[in-house]
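*Asks:* What follows is a single structure, and I will ask about it in a moment.
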Amino acid sequence: MSPSLTVRRIAADQGAVFRELRTASLREAPYAFGATLEDALSADAASFDVIAAKHAVSLTVSTFILYTEGHPAGLIEAHFEDAAPRRAFVCELWVAPAVRHLRGGELLVDTASGWLANEGATEIYAWVADSNRNAMRFYEALGFGPTGEHRRMARAPEQAESLLIRHVPSTTSAVDS
Ligand SMILES: CC(C)(COP(=O)(O)OP(=O)(O)OC[C@H]1O[C@@H](n2cnc3c(N)ncnc32)[C@H](O)[C@@H]1OP(=O)(O)O)[C@@H](O)C(=O)NCCC(=O)NCCS
């Protein structure tokens with residue numbers, strides 16, 4: 001039987017869980033992220049407590065955690081840009097290899113997107129490394145498409161990443177009027 005997967009917003013006291021998931025993701029899939037494992041390992045443990053406390057309550061940035069049978073098994077960040085046009089992004093997505101292809105990634109993206117939409121987003125953006133074909137196919141399967149915007153990756157300037165977009169479905173009913 002497939003394990004049951006659930007997603008919940010990070011709680012203020014989950015700095016240690018957040019650190020564990022971040023370092024696991026950077027160790028397992030270093031090609032997928034802007035930061036490096038060394039960055040995460042050298043960061044003060046207290047800095048993860050600060051991030052968890054902020055992401056638990058902020059209206060502009062959050063982290064959601066995937067659980068399988070109650071055990072943390074993945075994460076995603078959702079945030080709005082600081083400056084106009086204040087686009088809404090999902091990033092730092094990772095699902096533990098043992099529970100991949102069970103729709104945990106989809107659940108994380110949909111939960112993070114729902115939170116952003118609830119805070120006013122009408123479009124959700126994601127940067128994906130061009131070399132990360134799995135993530136490209138994953139986001140395409142979820143209805144994300146190209147914006148045509150590209151940039152060099154900060155961690156590896158010889159590599160490019162592309163900006164993808166998914167429109168939030170309108171909840172306005174056409175038969176209301
Ligand atoms: C990308 C990732 C988050 C997908 O997580 P997941 O839980 O396995 O994905 P889901 O089960 O929700 O997949 C949903 C759909 O996406 C597509 N998909 C997922 N993984 C895929 C892959 N490796 N290749 C092609 N399509 C894939 C499929 O259409 C899938 O539906 P299906 O299983 O019915 O075919 C996971 O592989 C991961 O953590 N990778 C390493 C980190 C990473 O690349 N993060 C993204 C940074 S931009």
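*Asks:* With 26, 21 as the choices, which residue is touching a strand residue (DSSP E or B) at 6+ places or on another chain (Cβ under 8 Å) and either buried (at least 16 other Cβ atoms within 10 Å of the Cβ) or not in a helix (DSSP H, G or I) (or both)?
*Replies:* Exactly one residue qualifies, and that residue is 21.
*Asks:* Now for a different question. If only one of 144, 80, 138 is near the ligand (Cβ under 7 Å from one of its atoms) and either under 20 Å from residue 24 (Cβ atoms) or not basic (Lys, Arg) (or both), which one is it?
*Replies:* Values: 144 fails: near the ligand (Cβ under 7 Å from one of its atoms); 80 fails: near the ligand (Cβ under 7 Å from one of its atoms).
Only one candidate passes the filter, namely 138.
*Asks:* Same structure, new question: If you take the residues in the range 88-101 that are buried (at least 17 other Cβ atoms within 10 Å of the Cβ) and over 12 Å from the mean Cα position of the chain (by Cα), which one is nearest to residue 69 (Cα to Cα)?
*Replies:* Taking the candidates together, the pick is 99.
*Asks:* If the Cβ limit is 7 Å and pairs must be 6+ apart or interchain, which residue in the range 108-122 that is within 26 Å of residue 73 (Cβ to Cβ) pairs with which residue that is among the aromatic types (Phe, Trp, Tyr) and within 16 Å of the ligand (Cβ to nearest atom)?
*Replies:* Final answer for the pair search is 108/64; 111/64; 112/64.
*Asks:* In the range 31-40, how many are in a helix (DSSP H, G or I) and over 11 Å from residue 92 (Cα atoms)?
*Replies:* Number satisfying all stated conditions: 5.
*Asks:* Here's a follow-up. Could you identify the single residue in 161, 106, 123 that is surrounded by fewer than 17 Cβ atoms within 10 Å (Cβ to Cβ) and within 15 Å of the ligand (Cβ to nearest atom)?
*Replies:* None of the others qualify; the one that does is 106.
*Asks:* What about residue 128, is it under 19 Å from residue 8 (Cα atoms), β-branched (Val, Ile, Thr) and either under 10 Å from the mean Cα position of the chain (by Cα) or within 10 Å of the ligand (Cβ to nearest atom) (or both)?
*Replies:* When the stated conditions are applied, residue 128 does not pass them.
*Asks:* Check residue 37 against each of (1) aliphatic (A, V, I, L, M); (2) away from the ligand (no atom under 15 Å from the Cβ); (3) surrounded by fewer than 22 Cβ atoms within 10 Å (Cβ to Cβ) and name the one condition it does not meet.
*Replies:* Going through the list (1) aliphatic (A, V, I, L, M); (2) away from the ligand (no atom under 15 Å from the Cβ); (3) surrounded by fewer than 22 Cβ atoms within 10 Å (Cβ to Cβ), residue 37 breaks only (2).
*Asks:* Sticking with this structure for a sec: Residues of the range 136-152 being touching a strand residue (DSSP E or B) at 6+ places or on another chain (Cβ under 6 Å), farther than 19 Å from residue 79 by Cα and buried (at least 17 other Cβ atoms within 10 Å of the Cβ), which ones?
*Replies:* Matches in the range 136-152: 136 only.
Each reported figure results from applying straightforward, stated rules to the coordinates on display, with no laboratory input. What you are looking at is a predicted structure, and each value in this text was computed from that prediction instead of being measured. Because the Cβ atoms are built from the backbone with ideal geometry, glycine has one as well, and the counts that use them run over all protein chains shown.
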